[in-house]
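Heads up: the structure comes next, in structure tokens.
The values are calculated or read from the model by the stated rules, or taken from the named source; none is laboratory data. Treat the numbers as computed from the prediction; the structure is a model and nothing was measured. Note that we place each Cβ from the backbone using ideal geometry, even for glycine, and neighbour counts take in every protein chain shown. Just the protein is used for accessible areas: all its heavy atoms, side chains included, with ligands, DNA and RNA removed. Shrake-Rupley method; radii C 1.70, N 1.55, O 1.52, S 1.80 Å.
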Amino acid sequence: MSESHSPFDQFIVKPIVNLSLSGYDISFTNSSLFMTLSIFSLALFFTIATWNASLVPTRLQSLAEILYEFIEDTMLESAGPESRKYFPIIFTIFLFVIICNLFGMIPYGFAVTSHIIVTFVMAIIIFMSVTIIAIAKHGAKFFSFFLPEGTPWWLAPLMIVIELFAYLSRPVSLSIRLAANMIAGHVLLKVLGGFVVMLGLVWGFIPIPLIMTITAFEIFVAMLQAYIFTILTCVYLGDALQLH
Amino acid sequence: MNSLDELTKKIESHTNTKKTKRTEKKAFTVSLELFAGVSVGSFIGYHFDKYLNCSPIFLIICLFLGAAGSFLNIYRSIEKQER
């Protein structure tokens, strides 16, 4: 009984359609299913919201506009006015993360962002593109980013290496922050759900108010983590554009 | 006058609760940065060693450099939050 009811069972990636391409396993899994679902629901939402775009917005249209303006304000505040060019990718990242987090909160859903590989790929794409943007914009001056101002000359070689390691650890901490928060919330919910079963019919109602509270809190965390992921991306972009 | 003092105290107590919440988040950030820095350092060190065939030397050096880098990140993030 206990071997099939681990709180981590919800994160198992199961293939739905088995496919393979020249020896590689490219099966359509429940993870891919939920990614596709979230992308399509986002596209559907924005298509419906802006179908009959008018100056006086309808409810759906104003929801879309509020989302857009919120992220735009956040980005301009933390990355400066130069970052306006890169708004599409920032907005896309925010929408993808938030919709994946929220799809994970649906019962029997699958939280795509609870897998480190998914968040790490997003983080590494952000990291590499930000580095390329910085090198393209500043050229060789970019490497002065690794030498903080006012470093004595005898400390400079050590400082450059330490700064390089601090820079390289950015995508790791960015991806683990999101994945760890999602894993922690889902495991907590599953464990509390297990308490209901263990307490039986008579006392089983006791954890239910707690589960309700934690569910609401997890929905809040899902949105907050998407926002934090976005704001950190903006900060990294701002660092790349301005170099300190 | 009395009610004003009470109000000030109330506001102060609420600001204090907000501060403790922020401290919690800071603690998570600190542990995360430490883990990230050390893991990146040891990963790079391990692969340097594999490439150059000089087993534990670069692993040890890069582990400490990664830890130092994570301390730098922690210092920066706390400095930013204090401001």
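Structure notes:
- Qualifying residue in segment A:201-210 (condition: open to solvent by less than 40 Å² (accessible area, probe 1.4 Å), part of a helix (DSSP H, G or I), touching a residue at least 60 places away in the same chain (Cβ under 8 Å) and not hydroxyl-bearing (Ser, Thr, Tyr)): no
- Scanning segment B:39-52 for residues that are surrounded by fewer than 16 Cβ atoms within 10 Å (Cβ to Cβ), more than 13 Å from chain A (Cβ to nearest Cβ) and not basic (Lys, Arg) turns up B:51, B:52.
- Only one of the listed residues (A:58, A:36) is closer than 22 Å to residue A:183 by Cα and either open to solvent by 50 Å² or more (accessible area, probe 1.4 Å) or touching a strand residue (DSSP E or B) at 6+ places or on another chain (Cβ under 9 Å) (or both). That residue is A:36.
- Residue B:36 facing chain A (nearest Cβ under 9 Å), assigned to a helix (DSSP H, G or I) and either hydroxyl-bearing (Ser, Thr, Tyr) or over 17 Å from residue A:159 (Cα atoms) (or both): yes
- Odd one out for residue A:191, checked against (1) over 22 Å from residue A:224 (Cα atoms); (2) without any contact (Cβ under 8 Å) to a residue 24 or more places away in the chain; (3) open to solvent by less than 60 Å² (accessible area, probe 1.4 Å): (2)
- From A:43, A:49, A:53, residue being under 23 Å from the mean Cα position of the chain (by Cα) and open to solvent by less than 100 Å² (accessible area, probe 1.4 Å): A:43
- Annotation note: of A:66, A:71, A:90, A:99, the sole residue that is loosely packed, with under 14 Cβ neighbours inside 10 Å and closer than 17 Å to residue A:226 by Cα is A:66.
- Meets criteria (within 14 Å of another protein chain (Cβ to nearest Cβ) and not charged (D, E, K, R)) for residue A:89: no
- Residue match in segment A:149-158 (condition: surrounded by 15 or more Cβ atoms within 10 Å (Cβ to Cβ) and within 14 Å of another protein chain (Cβ to nearest Cβ)): no
- Residue in segment A:127-140 that is under 30 Å from residue A:13 (Cβ atoms), modelled with pLDDT of 90 or more and outside any helix (DSSP H, G or I) present: no
- If the condition is being within 21 Å of residue B:44 (Cβ to Cβ) and without any contact (Cβ under 8 Å) to a residue 12 or more places away in the chain, then segment A:135-188 contributes A:135, A:143, A:156, A:157, A:158, A:161, A:162, A:165, A:166, A:168, A:169, A:173.
Conditions (1) among the hydrophobic types (A, V, I, L, M, F, W, C); (2) within 23 Å of residue A:125 (Cα to Cα); (3) more than 14 Å from chain B (Cβ to nearest Cβ), marked per residue:
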{"site": "A:160", "(1), (2), (3)": "yes, no, no"}
{"site": "A:197", "(1), (2), (3)": "yes, no, yes"}
{"site": "A:205", "(1), (2), (3)": "yes, no, yes"}
{"site": "A:210", "(1), (2), (3)": "yes, no, yes"}
{"site": "A:214", "(1), (2), (3)": "yes, no, yes"}
{"site": "A:221", "(1), (2), (3)": "yes, no, no"}
{"site": "A:227", "(1), (2), (3)": "no, yes, no"}
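- Taken together, A:185, A:193 contain a single residue that is assigned to a helix (DSSP H, G or I), under 22 Å from residue A:108 (Cβ atoms) and within 14 Å of another protein chain (Cβ to nearest Cβ), which is A:185.
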